Structures are given as structure tokens and as C-alpha cells.
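In what follows, a single structure is set out as C-alpha cells and then discussed.
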Amino acid sequence: MESKANEGARVADAAKSHGDDHGHAEGGHGHGAPLQYPYVAHHFDSPQQQFDSGKLGIWLFLVTEILFFSGLFCAYTIYRAQNPEVFYWAHFYLDTNMGALNTVVLILSSLTAAWAVRAAQLGQQKLVKINILVTIACAFTFMGVKYVEYSHKFHDGLLPSRHFDPKHEVWEVEAFKKKHPEAAEAMTRLMAKLEARKATAAVDLEVPHGEPLALVPVVNQVAAAPAEAAEGSAAQATTTQAATAQEAVAQQAPAQEGAAPAPAQEAAQEPATQEAGTAEAAEAGAEGTEEAAPAAPAPVAAPAPAPAPAAEEPILDDDVFLANELRKLTPAEATPLLRAGVLQRQADGPFELVRPKKAGVFFSIYFFMTGLHGVHVIIGIGVWIWMLVRAGRRKFGPKYFGPIDFTALYWHLVDLIWIYLFPLLYLIH
Amino acid sequence: MAAPTTAADLVVAPSKPEDNYLTHDKGILSWIFTLDHKRIGLMYLVSVLVSFALGGFFALVVRTELLTPGKTLITHDQFNQAFTLHGAVMVFLVIIPGIPAALGNIILPLQLGAKDVAFPRLNLMSYHLWVLGALFLLASMVISAADTGWTFYVPYSTSTTTAVIPAVFGAFILGFSSIFTGLNFIVTIHKLRPPGMTWFRMPLFLWALYATAVIQVLATPVIGITLLMLIVERLVGLGIFDPSLGGDPVLFQHFFWFYSHPAVYIMIVPAFGVISELICAFSRKPIFGYKFIALSSLAIAFLGFLVWGHHMFTSGQSVLAGAIFSAITFLIAIPTAIKIFNWLATMYKGRIHLDTPMLYALAFLWVFTIGGVTGVFLATMSVNVHLHDTYFVVAHFHYVMMGGSITAFMGGLHYWWPKFTGRMYPERAGRVGAILVFLGLNFTFFPQFILGTRGMPRRYYNYLPEFTGLHQFSTIGAYILGAGFLLTAIYLLKSVRSGPKAPANPWGATTLEWTCQSPPPYYNFHEAPVVNRGPYDNYDKLRFDKKSRGYVPAE
């Protein structure tokens, strides 16, 4: 059975084994691993057994890491499934270029990590150190970019739920402007109109809290009571009398809708054919992106029933003015806004501008996931520095490269998690 | 399995008797920074027992308060804190590490025939993490003890003013300690088996530890991230769990039970392993249905991941989901019953020795079966709706956790005590202690089944006057239980100083740990033992040696 100790030693023995090693807590007890392998800890019989144990250990550890993140991915999945508009809305606030840069940086670092392992296996001491250094440099670059991104988010009030207070509306964000120029321009025009209205008719437009924009109270209201909002428009509908009238129409509507679903679709493609029905048409076209009561789009697909307050045009307050303006948006303008949940239909008919429900939750998940990933990167930096020190002592070679192999495996996992985070957070479509 | 057996491999390894792991190095630092699995295990054992005393103290406070309706001893807020601390200490500090980390750490390499666990440093780190986690729990206790119950349900845990964060952070750290122990054990069992130790020659305790380790590694990370989210939720308001910010509190329950149901198997599966060892050793008979017992541990580990929803029948889960969870929960009764019947079959026609560990094993069979069967009641959805959050649930999980895990832990502790310390405990006192614990257990918890079916809700400070009699019965049972443990603590401590020296094999058991001296030498085995037989063969090749008062190989 003594032979067993050597039999497992598939890694060839060579004269190149250096000095003392950490694995030997108790030196010179004449026990356990053969003395020609000073890097083998006392309780292992052979270098191969030690390496295999380490390999299995690190893989198990990676499994626990994946499960650790899985809680977050699970939360992400649930909130995205329940609130798709929030994720669509919020992804405009993330800087895709920075995210892409970080992806490239991390992939590069994974390459150099793998290269470091290879170099260690081949005994290319210098190359090991260079590759570890590049890996560390990439990790620092990643954290630097992350710092820039985080500070922008903090500055713009894009914080987890309790502190969530964005400084810009979605149509003011560059990414949105670039992707949906018409919608952004339309909203900018609309806001300018509201400003002008306020300037000319200041008395009429006096709104609670002295807020300049009519949409602000609405937004605040929604943001302040997400739980109520979560109940959905159906609950509100039962409370308002106007809505009961709407429901009456809605019950007749399925027949019409069933007979002529096509016009609504066509209307979505032909902008501004009807003065009154465009936004509604867009809403019908934006299939299922929002959870508005299904009854709502149907009655207005037929152009006739304008909201009752429209008759009071001369003395309308800004909510009504805004609702009318919003109805005039063309489908091209309205669709992105509908999809992002910014433009929503109230239970009793008119459109309103809101910030998506649970918008802050996206940033909670964003900060938690990327933050936890960042912590892993920082831990990785620490381990790589340790590996660099050990490589400096010429610890690694063809017979002993386990630690650097295991560190690289960990690093690949950290990289891989980012490869998932980047599209899930930044590239939502 | 029954390979040709020789008595040769049961010979006690020659070693200077004065040199063992307890005396190998001197000084407090040689303990705190030891890499020896036996010393780490012993430190775990001491820490777990101290925590057990603390948790037991809180239990007695809770029971004493319930002697009368209304105030007996403490205020209602203190009552909430007392039962939370009792639960958190007992679950996170005692039962989860009790058998795997304390007993398992010492026994696993010995039974396997290895010199140490695969990663001794990680092992030490997991103990240090345990201490750190325990300190955080204690900190919470000192600042203003959490009053959420050990389950930390939101939204109460995000809104109460007590020190939830230190308690949760403590549990978070303890989780990592548990993960690292599990990881270490899996790798050790995979990679450090000596020549001839095939999977099906491993003692059943190792199978149980392996199944436990798999659960620890796969379930604990999820509670880790959940508790971390809870902490951040409390700190900055994530809105993931907190309904006032748009979060979903039921999601927390899903995450929590995704870990915490498998965690009850982290608590009970190693207990099964201990019982398998005890039943064999004290019936002097090879185990009946070895492979069934071994694989049923893995089956329980696997099924344990699919049943978390049975904690949430009343949380607004769909009826279909409830029915599925209920059905899978019933399935777990199968591998569990396989074990029970195999143990009974092992005892059949065995030469049963009623030593203290065996008394605990018999108590386990009795008590755990009651706990298991009432678990099937609770898994039935229609019954559960009525019994949810009543004393019936309390009685059920105390029969399983206390009657199952702790009884097995006590059995294992007595069984391996001579190996750990090199001293024998007084047998008569041991038997009295075991009987007191058994009686106390049943007196304490059986009335709670009746209380539960009559509608006494759990965690209540006050109760209707008609429940007084049963509550008082239960409290007196708790005092008997306390007396049993106190007696045990006294004679065990005394035996360390003045007990007779233990022989290598005081019980006539056949697993490898009994082939090395008591206490074991620093390196366990001077040469990796060659195993050429099943773990429970060779009972007839041992004879009692009057001089050493232990079993030696028959010539």
C-alpha cells in the first residue's frame, strides 16, 4: 500500500520542486505525502490527489456561487415578468457603451487568466506574471468604469426604491432620444407647450405644491402609492362612475372588435389618419406591453366616444389639457411611451403620464446584482494579487499549478455572471 | 460486500499511548489555529454544547412564562424575543452544526480512514466563521434582541425596531460556515477514501453526512442571498420584499423555505446516520438493508428540495401548487420509513445491549416516528389549513428536531465520547439521563399536540384559561427535560477529569474509528488503512477483554 502513494502521482517528478510550501503546516513529521513533493499537504498521498481535491472543491464552490446569485436572478425574472414596462423604461437609463466596454474588459481578463494557467503549466514564469498583471489591470478598469456609472446613477437620483427620485424623465434620456427620436421630440414639444400654457394662464394652472408641470402630481401620486397602483386599473374602475359607463360600452365592444380587429392594426401603421384616435390605435398595436384593463382600448377603437371633459375645452385644467394632447400623439410617438409604461390610460378613459410602477425596484435589482458582482471582482483582485506574489516566488510550474488554475476558474465564473448581467440589464428590447 | 475478512485490520494501531491529538501540541493558540479536524471538531462540540445550554435556557424561560395565562415572568415583548432567540440559537447554532460539524468533523476522517478532511484550512475557517456568526447573534441579543421568530418573515422583519440586522447577519455568516463544512465533507468523501474503501463499504454515518453536505452546498447559498437581501432591504429599502415599496413578501417566504425546508434535512439526515451506527453497534449485527438506508438518505436530500411550498399552504399559494407540494411531501415518508423499518429489522434477533447510546437510539425510534407521522398530517393540505400556526406544528417540529436530531446527537455524543476524550462516562448516570430526557421530551411536547388541535396558536403570550392545565403539564415536562440535560452535563464534565480510561473499542463496534486508540493519535492512521470488508462485518471476530474493558480482535 505504500506503492499506492506513488501510483497516484501521475505528474512526473522533477528536480524543480522549490523550497518550503504553505501546504506543509507541520514540516518534517515523516508522515503522509512523499518528501519529494514539498507542495503536497501532509494529508494527501500524492500531488494528483491534492490537485483533484482542489478541483472538485473549487467546482463545488462555483456551484454555491451560482446558487448564491440565483436568488437574484430569480427576483429579476419575477419582477421582469410582472412589470415588463419597468424594465423597458429603466434600461434607457443604463449606459450601454460603458456596459459593453466592461464586457470587453472582462472577456479580455478571462483570456489572460486562462493564459496564465497555461503559462504556469508550461513553466513560463515571466508569462504567468504578465498575464496575472493584465488580469488585475482589467479588473481595476472594470471597477473604475463601474464607479463612473454608479456615480452618474447617484447623481441622477436613480437609486433603490426608498431613495428613488430620478432627475430626468425617460424622453430626456439620450438612449431614448436616439432610439425613438419622434417620441422624444413629441414629448419635448408637449412639455414646452405645457410650460407656455403655464406662463400665459398662471392662475388657471396653479397646481398643488406649486409644481410647474401638470404631470408631476400624477407621477408623485403613482410613485408614492405603488401598492395601491399594483391593484391595477380594474380596482379603480369600479370606484368611478365614469368607468361604469365605460364598462357598459366595453361590453358592447367585443362584438365590434371581433368583427373588425384589422382596422385597429392598420391604424397603428398609418400615422395620424384620425385626429382623435391615434394614441389609442398605438395602444392597440403595442400588444400586451402594459396591463391596462383589456376593456379600455376596445371602445375607442371606434372613433366616436371622446372623453366627456373634452367638451369643456376653454376652461380645462392641465390634466385634461394634457390628456387631450396625449391623445394626439401619433402611433410612432406613442408606442415607445406605451411600452415603457410612461403613457397609460386611466381607468376612466383619458391618458396620463406616469412613471412606471415599481420603477425603483429595477434599480434595487440593478445595484444589488452589479454590486454583488463587483464585490466578487474585488475579491478576485485580492486573490490574483496573492497569486502574483506566489508566482513571484516561482511557486508554479508543470507539477504545481492548482491554485492558479482554481483562481482562474473562479475568475471565469465572475466573468460569466457579468456576461449574463449585461444583456439582462442593459440590452432589454 | 462481505469480502473475505481478516481480523488483522481491527488491530489497534501501535502508538505511544501518551501521544494523542489532545496532547500533541500545547497552549491555547495550538487550539485556536489548529488544522487538525479532531481539535476543530472538539471546539465545535464545546461551542455547540454551550449554545445548547443558552438555547435551553431561553426555552425554559418561554415555558415558565406559559405556566399561567397573562404575565408570569416577563413582558410580552420579552416573550417574543425569548422565543426568537430560542429558535435562532437552537436552529443556527446547535442543530445545524451539531452532528455534521461537531461529531462529523471528528468522526468522518476516522471512519473513512483518512488523515484529515480535504481542506483543513477551510475547516478551521468554517469554525471561525461559526464563532463570528454566533457573536453577531449574541450582539443582537445584547443590543435589542430580534422578535421576529427565527423565520425573519417580512414585512415585520423590515419594520420592527429590534436589532434584526445583527441577527440576520449572524445567520448569513453561519450559512457560509455550513457551506464550507459541507464542501469539505463532499470532497473528503470523494477523494480521500483509502484503498479498498468503496462507496458501499462506507459506514452509513458517512452516507448521511454526504447527503447532508449535498444539501448544505446546494441550499444554503440561497438563504445566504435571501438574508443579504433582507439586510439591504432594511438598510436602503430595495422594494423586493417590502410591500410598502412595491415588493412581494411571499417571495421572501419562497426563498426562505427553499433553503429552510432542505435545512430541516440538514438537521435530521445526519441524525439518521448516527442512529444507523448505534443500532448496528448495540445489536452486534450488520445493518439490514445497507444500500436502502444509504440511498434513502440521498433520496431524502433530493426530495427535500421539492417540498418547500408545504410551509406556505396559507400564504396565498395556488391550490394546484399546494397539491403538488403536498404530494411530494408525502413521498418523503417513503425513504424515511425505509430507514425505520431497516433499523427495526437490524435489531431483530440481534444481541441488544442497552447502553446509554442505545437508549437514545431507541428513544429516537419512538419519538421520531411520532414526529414523522404528524408531519404527514401537516402535509395534508386540508388538515394543514386548520393546524397551521398552532401548537400542533410546534409539537411536530420539536418531536422531529428535539426528539430526532438532539436525541441522536446525544446518542452519538455518548457513543463517541470515549473516542473524543479517552474517558468513559458513568453508565448508570447515563441511563438515568437518557430516560429523563425521553420522558421530559414526551411530557413537554405531547400535550402540545392536544393544545394545537384545540386551537392554541403558536407564539402567543397569552391564552384562554382552559388551556392552562395542558400548558402546565408541558412546562413541567420541560423542567424534567432540563434536569435530564443538567445531569448529563454534570457527569460528562466529571468524566473528563476523573472517568476511567477508555479502551480503543469499548462497544464492540466494527467501523474504522474504533481501530485507533482513544483518543486518536494526531495523524489518525499511521498508514492508510486497507479496507477489505463491509463496515458492519466482523462483529463475531471481536471478543471482550476484561483487562482493558474493551473489545479486541478474537484470535
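No value in this document is a laboratory result; all are computed from the given coordinates. Here the structure is a predicted model, which is why all the values come from computation and not from measurement. With ideal geometry, Cβ positions are generated from the backbone for all residues, glycine too; neighbour counts draw on all protein chains shown.
Please state the shape class of region B:275-346: rounded when a/c is under 1.5, otherwise prolate if a/b exceeds b/c and oblate if not, all from the C-alpha gyration tensor. Write down the numbers at each step before the final one.
Details: a/c = 3.79, a/b = 3.45, b/c = 1.10.
It is prolate, given that a/c is not under 1.5 and a/b is the larger ratio.
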Note to self: Given points 7 Å out from each Cα along the Cα-Cβ axis, report the residue A:80 to residue A:385 separation in nanometres with one decimal.
What the structure shows: 3.4 nm
Next item on the list: Provide the gained length on full extension for the span residue B:537 to residue B:72, in nm with one decimal, where the gain is 0.36 nm per separating residue minus the Cα-Cα distance.
Entry: 161.8 nm
Checklist line | Karplus-derived 3J(HN,Hα), 6.51/-1.76/1.60, for each residue of region B:101-108, Hz, glycine and proline x | finding: 6, 8, 5, x, 4, 6, 7, 3
Item checked: Amide H partners (placed H, <5 Å) of residue B:517, local residues excluded -> B:13
Check: How far is it, in nm, from the label point at residue A:108 to the one at residue B:498 when both lie 7 Å from their Cα along the line to the Cβ?
Finding: 7.5 nm
Note to self: Taking 22 Å as R0, compute the FRET efficiency from the Cβ-Cβ separation of residue B:327 and residue B:298 and round it to 0.05.
What the structure shows: 0.65
Next item on the list: Could you point to the residue in B:141, B:328, B:371 farthest towards the positive end of chain B's charge dipole, with +1 and -1 charges on the Cβ of Lys/Arg and Asp/Glu respectively?
Entry: B:371
Check: Of B:350, B:444, B:55, which is farthest along the charge dipole of chain B in the positive direction, counting Lys and Arg as +1 and Asp and Glu as -1 at C-beta?
Finding: B:350
Next item on the list: Taking the Cα atoms of chain B, report the difference between the largest and smallest coordinate on each principal axis, in whole Å and largest first.
Entry: 73, 46, 46
Check: For residue B:551, which sequence-distant residues (separation of 5 or more, or a different chain) have an amide H within less than 5 Å of its own amide H, given hydrogens modelled in the peptide plane?
Finding: B:505, B:507, B:508, B:545
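Mind putting a number on the dipole of region B:28-553 about its Cα centre? Charges go on the C-beta only, +1 for Lys and Arg and -1 for Asp and Glu, and I need it in Debye to the nearest 20. Before the final figure, lay out each step's value.
Details: 32 positive and 18 negative charges, 399 e Å.
My answer is approximately 1920 debye.
Compute the FRET efficiency between residue A:393 and residue B:125 as 1/(1 + (r/R0)^6), taking r as their Cβ-Cβ distance and R0 = 30 Å, and round to the nearest 0.05. Intermediate results must be reported in sequence, preceding the final value.
On the way: r = 23 Å, r/R0 = 0.77.
My answer for the efficiency is 0.85.
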Next item on the list: Could you give the spread of the C-alpha atoms of region B:136-253 along their three principal axes, from largest to smallest, in whole angstroms?
Entry: 60, 32, 19
Next item on the list: Could you pull out the chymotrypsin sites (Phe, Trp or Tyr not before Pro) across region B:381-459 that fall in loop regions by DSSP (anything but H, G, I, E, B) with no more than 15 other Cβ atoms inside 10 Å?
Entry: none
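Starting from 0.36 nm per residue, how many nanometres of slack lie between residue B:28 and residue B:50 once their C-alpha separation is accounted for? Each step should come with its number before you reach the end.
On the way: separation 22, 0.36 × 22 = 7.92 nm, distance 1.84 nm.
Here the segment from residue B:28 to residue B:50 would lengthen by 6.1 nm.
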Note to self: What are the ³J(HN,Hα) couplings of region B:463-475, residue after residue, when phi is run through the Karplus curve with 6.51, -1.76, 1.60 and θ = phi - 60°? Round to Hz, x for glycine and proline.
What the structure shows: 8, 6, x, 5, 8, 4, x, 5, 4, 5, 4, 4, 5
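Could you tell me the relative contact order of region B:28-553? Use alpha-carbon pairs under 8 Å, at least six residues apart, and round to a whole percent.
On the way: 918 pairs, mean separation 88.4, N = 526.
Computed over region B:28-553, the figure is 17 percent.
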Margin query: Whole angstrom only: what separates the Cα centroid of region B:57-112 from the Cα centroid of region A:66-120?
Written below: 41 Å
Next item on the list: Calculate the mean, over all residues of peptide B:227-234, of how many other protein chain Cβ atoms lie within 10 angstrom of the residue's Cβ.
Entry: 3
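Say the cut-off is 30 Å between C-alpha atoms; which of A:167/A:198; A:126/A:153; A:55/B:285 go over it?
Values: A:167/A:198 21 Å; A:126/A:153 41 Å; A:55/B:285 39 Å.
Distance filter (> 30 Å) returns A:126/A:153; A:55/B:285.
Work out how much length residue B:544 to residue B:526 would gain on full extension: take 0.36 nm times their residue separation and subtract the Cα-Cα distance, in nm to one decimal. Intermediate values should be presented prior to the final figure.
Details: separation 18, 0.36 × 18 = 6.48 nm, distance 2.51 nm.
Net length gain for the segment: 4.0 nm.
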Checklist line | ³J(HN,Hα), Karplus 6.51/-1.76/1.60, whole Hz, each residue of region B:335-346, x for Gly, Pro | finding: x, 5, 5, 3, 4, 4, 5, 5, 5, 4, 5, 5
Item checked: Virtual spin-label span in nm between residue B:236 and residue B:486, 7 Å along Cα→Cβ -> 5.1 nm
Item checked: Within region A:51-91, backbone nitrogen closer than 19 Å to the virtual label 7 Å beyond the Cα of residue A:178 toward Cβ -> A:88-91
Next item on the list: Would you mind checking the pairs B:191/B:419; B:349/B:501; A:178/A:358; A:395/B:115; A:399/B:191; B:71/B:494 and listing those with alpha carbons more than 29 angstrom apart?
Entry: B:349/B:501; B:71/B:494
